[in-house]
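Take a look at the structure below.
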Amino acid sequence: MHRKNFKVYTVILTSGLLAGTLVGELLGRFLPDGVAKGFFTTSLNGVFGPLSIDLAAVALTLGPLTISVNIMSLVGVASAAYLYRAFF
């Protein structure tokens, strides 16, 4: 049962991040230059990788994986969690 909760929370987190990032990008395109645009579009970026695995017969490189988090993606995660609690 604990495994199911982890999967659900991962889907909630991912969907919230994607929805919030989409809203943040749309706000960045349509808001005029100023403090509000800077507030909603400033993000923190984390880069992981690349990860290389070199075996005798197969070589595999994964990455780099970049995670970008802004205010609207945090709002998206909070909204997705609230909607999950409200409907499920």
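Here, each number is a calculation from the coordinates, and none is a lab measurement. All values reported here derive from a predicted model rather than from experimental measurement. For neighbour counting, all protein chains shown are included, and Cβ atoms are generated from backbone atoms with ideal geometry for every residue, glycine included.
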Listed peptides 10-17, 68-75, 37-44, 50-57 by packing density, highest first (mean Cβ within 10 Å): 68-75, 10-17, 37-44, 50-57
Roughly how tilted is helix 2-30, in degrees to the nearest 10 and between 0 and 90, from the longest Cα axis of the chain? 50
Bin all alpha-carbon pair distances of region 1-53 at 10 Å intervals from 0 and give each bin's fraction as a whole percent. 20, 30, 30, 16, 4
Overall Cα dimensions of region 33-88 - principal axes, largest extent first, Å: 51, 39, 11
